[in-house]
1. Exactly one condition in (1) crowded, with 21+ Cβ neighbours inside 10 Å; (2) in contact with an Asp or Glu (Cβ under 7 Å, 6 or more places away or on another chain); (3) farther than 30 Å from Gln77 by Cα is false for Gly172; which is it?
2. Being touching a residue at least 40 places away in the same chain (Cβ under 8 Å), open to solvent by less than 20 Å² (accessible area, probe 1.4 Å) and touching a Pro at 6+ places or on another chain (Cβ under 9 Å), is that true of even one residue in the stretch 243-251?
3. Which pairs do you get when a residue that is on the phi > 0 side of the Ramachandran plot, found in the stretch 170-183, comes within reach of a residue that is open to solvent by less than 50 Å² (accessible area, probe 1.4 Å) and small (Gly, Ala, Ser), reach meaning Cβ atoms under 8 angstrom, with the pair 6+ apart or on two chains?
4. Condition test on Ser183, is it open to solvent by 60 Å² or more (accessible area, probe 1.4 Å) and in a strand (DSSP E or B)?
5. Report those helices (runs of 4 or more DSSP H) wholly inside the stretch 18-116 carrying at least 3 residues which are surrounded by 17 or more Cβ atoms within 10 Å (Cβ to Cβ).
6. Looking at Val211 and the list (1) open to solvent by less than 10 Å² (accessible area, probe 1.4 Å); (2) more than 21 Å from Ser384 (Cβ to Cβ); (3) hydrophobic (A, V, I, L, M, F, W, C), which single condition is not satisfied?
7. Just to confirm my filter: which helices (runs of 4 or more DSSP H) fall fully inside the stretch 195-268 and include at least 2 residues that are more than 23 Å from Ile284 (Cα to Cα)?
8. Which of the helices (runs of 4 or more DSSP H) found entirely inside the stretch 332-398 contain at least 3 residues meeting this: farther than 28 Å from Met93 by Cα and of a type in the set (Val, Ile, Thr)?
Amino acid sequence: MSVSQSSEIPLLAGGFITLDTVKAKTNTFYRRTKIICTIGPACWEVPQLETLIEAGMNVARLNFSHGTHEGHGAVLQRVRKAAENKRKNVAIMLDTKGPEIRSGFFANDAKKIDLVKGETLILTTDYHFKGNAQKLACSYGALATSVTQGQKILVADGSLVLTVLTIDVPAGEVSCRIENNASIGERKNMNLPGVVVELPTFTDKDVDDIVNFGIKHKVDFIAASFVRKGSDVSNLRQLLAENGGQDIKIICKIENQEGLENYAEILQATDGIMVARGDLGMEIPPQKVFLAQKRMIREANLAGKPVITATQMMESMIQNPRPTRAECSDVANAVLDGSDCVMLSGETANGPYFEQAVQVMARTCCEAENSRNYNALYMAVRTSVLVRFGRLTATESLASSAVKTAIDVNAALVVVLSETGKTVRYVSKFNPGCPIVCLTPSESVARQSGGLFKGVHAYKVDNLKDNAELARETGIEAVRAGVAKSGDLMVIVSGMLYGEPANNQVRVERIAEIPEGAELPLPRLVSFVFQDNTQ
């Protein structure tokens, strides 16, 4: 049994759910949780990308485990064209391939080999060896000095399990018992659970992808694969700064036990976290993954850094037009855990039902969001931060005050004027129940804030001076967009310091009537297109 997420006193969960709740249509107009879509052959043309944007895509992920710079560059340009056509901010995420261990090639041009339970398979670190059902090459040169007798080795996403029997270090060979019947192809991924592997976090390919594609094309996020310690983040940040990519945000993918053990230092150094459950489920027992997920999400929530839950969220929709009930529950639980963002992989990249996958994910997120008591959630976050750190930072205190004010006056929206996105990130941390509007003069900040920060809708403006005028225009656009009504209250986070914009004040204003004959859009807002109301 679980405790209610919607009550201010301890009660069993689910007390607010009625038959009408179950039968009511899902309204995704106020969706807070963001959605990342992996772009692939199924959806990479402009009309298809526009469909994804309409369905709810906030970030387009380019998976650099596959493809070329030329191919990814063409996709990136089409994403930006589709976003321009829809007048929406869509961020670009470059997901690095990262270090990997793979099995080798086969002899006699074989496409696959059949392995039989109970037989012995020798793994050799001679990667030029052409393998068969008795002996197979492994790309990891330190295999023989890294594993121990009795240890498990997982191949092809765990479809083949091996147990180490004997180790011949001089020969670079490891003899293993085959634990299950399996047919595998060439160059399959291999996992060594619990082993601290001696591989660089960023390979030469990763560096080339980051410098000669990511920075060149001004992507918004780098999703760094297999981050294992805080120094990995520092090294990546230095690489970005030295090559003109200092504005790109770093998302660390936690995919192994070493990353879990060093999570605190990684979280402190990074801009965001991805709970990458695929490889993580190979590295730790699968029944422990949900615990690691909850721990990582909670710590990221306390730090006020966006956290993404990824892998197999709607996996069955690669083939089917409807998800399983377990998949919907997985998405909903990720939202209730505190995820800022959920991610689709093969569901959008390779499946014919990419639109339906985004739509059902958006609807599921909204149902989970609507089950929360945001007053209690605000208090829980604030109290947890005080218990952990003993105090709030100045920016956190400002953001906390803004959210508490929005709750107290039942504000229709919180408006944050932000140069860098830091203040709006903290406002998102404290979870107001109403939309957060971020106004920024930076296109990259608009894409990044609107792409990952929970509940944030970001728009580019000419500058942040005369914030009273900006607030008035935002209120009018909110009324036009159907987000608010004339006369509603809005909380504004803004300010000036020595004549320059600086967030040092919170105020409440009433949204004005729309002046007759007002321009559309109003002059200082590039656009105010709220997300679509998909049923």
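1. (1)
2. Yes: one or more hits.
3. Matching pairs, first to second residue: Gly172/Ala144.
4. Yes, satisfied.
5. Ranges flagged: 46-55, 69-86.
6. Every listed condition holds for Val211 apart from (1).
7. Passing ranges, in order: 204-209, 230-242.
8. Output list reads 374-389.
The values are calculated or read from the model by the stated rules, or taken from the named source; none is laboratory data. Predicted model, so just to flag it, every value in this text is computed and none were measured. Reconstructed Cβ throughout: ideal geometry from the backbone, glycine too, with neighbour counts over all protein chains shown. For the accessible areas, the whole protein counts, side chains as well, though only heavy atoms, and no ligand, DNA or RNA atoms are used. Shrake-Rupley method; radii C 1.70, N 1.55, O 1.52, S 1.80 Å.
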